[in-house]
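What follows is a single structure, written as structure tokens, with notes after it.
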């Protein structure tokens, strides 16, 4: 159940593949259906013949897309079997977050994780979002010890939700309702 005390920063975490991005996307869709302006960035896995080959990054507002990481990328930091596309991360991810801070009511960030944290620009943009007065809905990597993630979790205005198989179906509606209620309070 969502806590009654209003929190401006909602953090989603959980095991890989549990549905964190799906929860975030459903919340974004629910908010947009109610007229709330949501921007930011989302990363989705890309599969070919059933095998994950990389991750695509998308700007939620103008729908720019590019590669976050791919198995065939020749340069960039290596995370597992992928190489991170720092240029795409900066030009799409970091810029999407900065644009959402300026123009949107809610900033969505998927994900603050090992791949994204290789980008200095991304880290600065994510930190600006957390420090802004905007509502933030972010997926964070469950095992990362990065100072940015630690700071996000320790903020007095943040709430951490662990997405599980048991709650991933009901959590999007619960979080959508929670954010709608608190945005209305914020604007009144």
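The values are calculated or read from the model by the stated rules, or taken from the named source; none is laboratory data. What you are looking at is a predicted structure, and each value in this text was computed from that prediction instead of being measured. Positions of Cβ are backbone-derived with ideal geometry, glycine not excepted, and every protein chain shown enters the neighbour counts.
Structural remarks
Conditions tested, residue by residue: (1) out of contact with any strand residue (DSSP E or B) (no Cβ under 9 Å at 6 or more places or on another chain); (2) modelled with pLDDT under 95.
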site	(1), (2)
137	no, no
141	no, yes
146	no, yes
150	yes, yes
157	no, yes
175	no, no
180	yes, yes
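- Residue tally, condition over 13 Å from the mean Cα position of the chain (by Cα) and touching a residue at least 40 places away in the same chain (Cβ under 8 Å), over the range 116-133: 2
- Filter result (outside any strand (DSSP E or B), under 13 Å from residue 14 (Cβ atoms) and touching a residue at least 24 places away in the same chain (Cβ under 8 Å)) within the range 145-188: 163, 164, 165, 168, 171
- Selection status of residue 30, over 24 Å from residue 144 (Cβ atoms), surrounded by 13 or more Cβ atoms within 10 Å (Cβ to Cβ) and modelled with pLDDT of 95 or more: yes
- Listed by position, the strands (runs of 3 or more DSSP E) enclosed by the range 4-71 that each have at least 1 residues that are more than 19 Å from residue 129 (Cα to Cα) and touching a strand residue (DSSP E or B) at 6+ places or on another chain (Cβ under 7 Å) are 38-48, 51-59, 65-70.
- If you filter the range 72-125 down to residues that are out of contact with any helix residue (DSSP H, G or I) (no Cβ under 8 Å at 6 or more places or on another chain) and assigned to a strand (DSSP E or B), you find that the one that is surrounded by the fewest Cβ atoms within 10 Å (Cβ to Cβ) is 78.
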